[in-house]
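For reference, the structure discussed in these notes is given below.
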Amino acid sequence: MAVIEITKENYETEVLKSDKPVLLDFWAPWCGPCRMLSPIVDEISEERGDIKVGKINVDEQEALAAQFGVMSIPMLVVMDKGEITNTSVGYKPKKDVLKIIG
């Protein structure tokens, strides 16, 4: 499944009302660790049909970043049925990202 760009306009539909768990990647184009993590997140989105993967550009979606209390990026958040089930801050190798998802 392709990665979805999450915005305040589609957040409720794509995340809160999702019938699958959602992996959210909070990132910014100027962030080196974010650029290292991005291909891993993209790979997981292609391999795992049981989850939805969304990316949130913190520069463009400041309200969503604030809502999640994002202080450092990259930040991964796993949500299921509108509830946060796991979070992680900083670059992680693929095996660790998969553990975060569960």
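Any idea how far apart D19 and K95 come out in nm if each label point goes 7 Å out from Cα toward Cβ?
Result: 3.5 nm between the two label points.
Compute the relative contact order of region 1-63 as a whole-number percentage, counting only Cα pairs closer than 8 Å that sit 6 or more residues apart in sequence.
Across region 1-63, relative contact order equals 55 percent.
Taking the inverse of the average 1/r across all pairs of different Cα atoms in the chain, what Kirkwood radius in Å do you get?
13.3 Å
Among residues other than I4 whose Cβ falls under 9 Å from its Cβ, what is the net charge (Lys/Arg +1, Asp/Glu -1)?
Residues close to I4 contribute a combined charge of 0.
Tell me what the chain gives for mean residue ellipticity at 222 nm when only DSSP H runs of n ≥ 4 count, each as -39,500 (n - 2.57), the sum divided by the residue total, rounded to 500 deg cm²/dmol.
Result for the chain, helices only: -8500 deg cm²/dmol.
Quick check: the distance between the Cα centres of region 1-65 and region 69-94, to the nearest angstrom?
Taking the Cα centre of region 69-94 as reference, the centre of region 1-65 is 10 Å away.
Taking only protein heavy atoms into account and a 1.4 Å probe, give the accessible area per residue of the chain in Å².
53 Å²
The values are calculated or read from the model by the stated rules, or taken from the named source; none is laboratory data. In this text, all values refer to a predicted model and were calculated from it rather than measured experimentally. All Cβ positions, glycine included, derive from the backbone under ideal geometry; neighbour counts span all protein chains shown. We work out accessible area using only protein heavy atoms, side chains counted, and drop any ligands, DNA or RNA first. Shrake-Rupley method; radii C 1.70, N 1.55, O 1.52, S 1.80 Å.
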